[in-house]
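A short worksheet on the structure shown next.
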Amino acid sequence: MPDPIVTVLATLDSKGEEARCACEALRRAGAVPRLVDTSCRPHAAPGDYLPAGRLAEEAGRRWEELAPMERGAAADVIVAGGRKVLSAWLREGELAGVLGLGGANGANIACGIMRALPPLLPKVMVSPVAATAAVQWFVAESDIAMFPSIGDFSLNRFTRAIIGSASLAAAAMARGWATRSGAAEKKIPLVGVSSFGGTAACVNRVEARLREAGFEVILFHASGPGGRALESLARLGELAGVVDVTTHEMTDLLVGGVYSAGEGRLRGAGEAGIPQVVVPGALDHANFWAGQVPEAYRGRAFFRYNPQNLLMRTNEEEFEALGRMVAERLNAAKGPFAVLIPKRGYSEHTKRAAHDLEGRPVGPWLQPEADAAFARSLRAHLKRGRAEELDLHINDPAFADACADAFLEMARAGAGAPAGGEGG
């Protein structure tokens, strides 16, 4: 097998030495580096590399036109061109991995290019922003591995070691990609299941049932990136269906919580036309960081999940809005769906007491009247499909079985079930 090709993305007008350090490390690790300049301003750096001017041309612009642009607009041009170039190399079998180096702007460009590449293709980014809260926006729904550079870029014993480690990782990952790409692999239908600690019992039983039926299962933690990844993989055609046990991110989207997955949540699977089972799992709360609850919510009921994470109980008005939001998304779905609603509680937190922000008890977490507003609103706005209320708690085994049965029924009807097994 030939040595795998790893593309190195860096702004050579400022990170030339660091980029060449990475290329040397890749060669020592048995990979072939292909250096690509992502600079937004024309320059004349020496060496063998694909100039950023080529990326600008691929995006329909001249490199010189980028100089007077705002930094963000110029970066968008380089990202657009880079996506075209690397996607073409991938189609031609000339790309087995990507390694990016850069600060905030360099990471924005490199990660923007990498996010357009398919899942599982190795993507590694070395940057000081990898140690900041902004990392979620650089990674988004992709599988980019982020390496904190500790210091800003300049070559010293720390940064050389970190660049070397990232290069070793990228080379090894690229070799694995090349091996997998050359092997004939039987693809088992993959089902996405959204998960959370408060819905774990349901998720675990659903997963077991789907595996017994011959499916592979991938769990998505419903904390923002997980929901974005679920929708992205659905749109890419990687999922045969979704059992959306934990639609919790919709509550955070509504109230501005920290676990929002954005407006795309509950849209990707519908656009892909794959079967969906949708459950209001953990819709009974939103998440806020301790000490950062907005003033408008400070009089609400909470539960301290851990020292960093406060859960705010969803009220009746919010459940009415959530029912409408879920219905509108499902009305637009191209494929079959079923909504199953557990009347005895949407998460394990129903067994707990609610408190105010000072920790004083304010009553039980379980509020059936508020929860019921979701079902009423959903039914009022849903134009088609199945919506069923079950006199069960979400973590009752019988509810998990109902979710699995509903999905397997749709999979069988659409010939989406694997041969053999429970779903055959």
If you go through GLY227, GLY192, the only one that is under 25 Å from ASN309 (Cβ atoms), modelled with pLDDT of 95 or more, part of a strand (DSSP E or B) and out of contact with any Cys (no Cβ under 9 Å at 6 or more places or on another chain) is GLY192
Report task. Test ALA290 against the criterion of being in contact with a Leu (Cβ under 6 Å, 6 or more places away or on another chain), free of Cβ contacts under 8 Å to residues at least 40 places away in the same chain and either closer than 30 Å to PRO418 by Cα or aliphatic (A, V, I, L, M) (or both), and give yes or no. Result -> yes
- prompt: Residues in region 400-417: is at least one free of Cβ contacts under 8 Å to residues at least 60 places away in the same chain and either assigned to a strand (DSSP E or B) or within 30 Å of PHE288 (Cα to Cα) (or both)?
  reply: no
Within region 127-147, the residues that are more than 17 Å from the chain's Cα centre (by Cα) and within 28 Å of GLU231 (Cβ to Cβ) are SER127, VAL129, ALA131, THR132, PHE147
Q: Return yes when ALA178 is in contact (Cβ under 8 Å) with a residue 24 or more places away in the chain, buried (at least 24 other Cβ atoms within 10 Å of the Cβ) and within 29 Å of VAL6 (Cα to Cα) and no when it is not.
A: no
When region 341-366 is checked residue by residue, the ones that are under 19 Å from GLU249 (Cβ atoms) and in a strand (DSSP E or B) are ILE341, PRO342
* Please indicate, with yes or no, whether at least one residue in region 260-274 is touching an Asp or Glu at 6+ places or on another chain (Cβ under 7 Å), surrounded by 17 or more Cβ atoms within 10 Å (Cβ to Cβ), more than 22 Å from ASN204 (Cα to Cα) and of a type in the set (A, V, I, L, M, F, W, C). => yes
Scanning region 346-364 for residues that are more than 27 Å from the chain's Cα centre (by Cα) and under 30 Å from PRO275 (Cα atoms) gives THR350
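The values are calculated or read from the model by the stated rules, or taken from the named source; none is laboratory data. Source: prediction; values computed, not measured. Neighbour counts are summed over all protein chains in view; Cβ atoms, including those assigned to glycine, are modelled from backbone coordinates with ideal geometry.
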